[in-house]
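Only the coordinates and a few stated rules stand behind these numbers; no lab work does. These numbers come from a predicted model, not from an experiment. A quick note on method: Cβ atoms are made from the backbone with ideal geometry, for glycine too, and the neighbour counts reach across all protein chains shown.
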Amino acid sequence: MKKIFLMVAVMIAAVSASFAQDFTFGARIGMNVANIGGDGDKLEPKIGLKAGVVGCFPLVDNVYLEVGAFYAPKGAKNSESNTIMGVKVNQDYTVKLNYIEIPICGVYKYEISSNFAVRGHFGPYFGVGLFGNEKLEINGSTKNSEAGLAGYKLKAFSSKSDECNYKRFDVGLNVGAGIEFSACYLGVQYGAGLSNFNSKNNKDYKMHNNVFSVDFGFNF
């Protein structure tokens, strides 16, 4: 993961040499509110911390191209409590998916003053799954078995037949808006996953990532 961030940072630095006067380099940190859409039951959102870097360089007046690299946690969760065959059963289901994500966005900026601007952006993202898991806890443990239900914990992106076999590659569209005040940035974004990341063995049961995020950062 460090090598990928370093490579993207070097690429952004190389681009900055060509657009030294107008190019901006930024660091971002934020909160992902992620969920999984598709054919399954409705799940609850899962919150995670995202972080990354962006490079933004001009195309024409007020229009820019922004490329970034982010650590992006995604997934979903669900909790249920039932009494089955006279036994109280608490079920906690969690999907944790961790990606390196490369967003490529067109940005429109409108400068209200010399140090304040509003902006909107739109474009695709490309993600690579690093690690993660799918977990079901029965009464607080993946090893418990109650009333015919058994807990488990499976690796998300493993190719082994007894694991989840989720596809590593994720593609989607981002749309967002924000403000820039001097060197500070504050924005919101929604990312809609377009690819079905479920296993090829279960391709008819579609799963895709949906993420709302809030980002804060600095431009240099």
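Miscellaneous remarks
- Of the listed requirements (1) more than 25 Å from Gly26 (Cβ to Cβ); (2) touching a Lys or Arg at 6+ places or on another chain (Cβ under 6 Å); (3) outside any loop (DSSP other than H, G, I, E, B), Glu163 misses just one: (3).
- Extreme residue, surrounded by the most Cβ atoms within 10 Å (Cβ to Cβ), among residues of the range 135-147 that are outside any strand (DSSP E or B) and touching a residue at least 40 places away in the same chain (Cβ under 8 Å): Asn139
- Number of positions in the range 161-171 that are closer than 18 Å to Lys96 by Cβ and either exposed (fewer than 14 other Cβ atoms within 10 Å of the Cβ) or β-branched (Val, Ile, Thr) (or both): 1
- Annotation: Ala150 fulfils all but one of (1) among the aliphatic types (A, V, I, L, M); (2) within 21 Å of the chain's Cα centre (by Cα); (3) exposed (fewer than 14 other Cβ atoms within 10 Å of the Cβ); the unmet one is (2).
- Conditions (1) without any contact (Cβ under 8 Å) to a residue 24 or more places away in the chain; (2) closer than 23 Å to Pro45 by Cβ; (3) surrounded by 15 or more Cβ atoms within 10 Å (Cβ to Cβ); number of the one not met by Gly129: (1)
- Residues that are part of a strand (DSSP E or B) and closer than 24 Å to Ala192 by Cα, drawn from the range 148-158: Lys155
- Enumeration of residues in the range 68-88 that are within 17 Å of Tyr152 (Cβ to Cβ) and crowded, with 18+ Cβ neighbours inside 10 Å: Gly75, Ala76, Lys77
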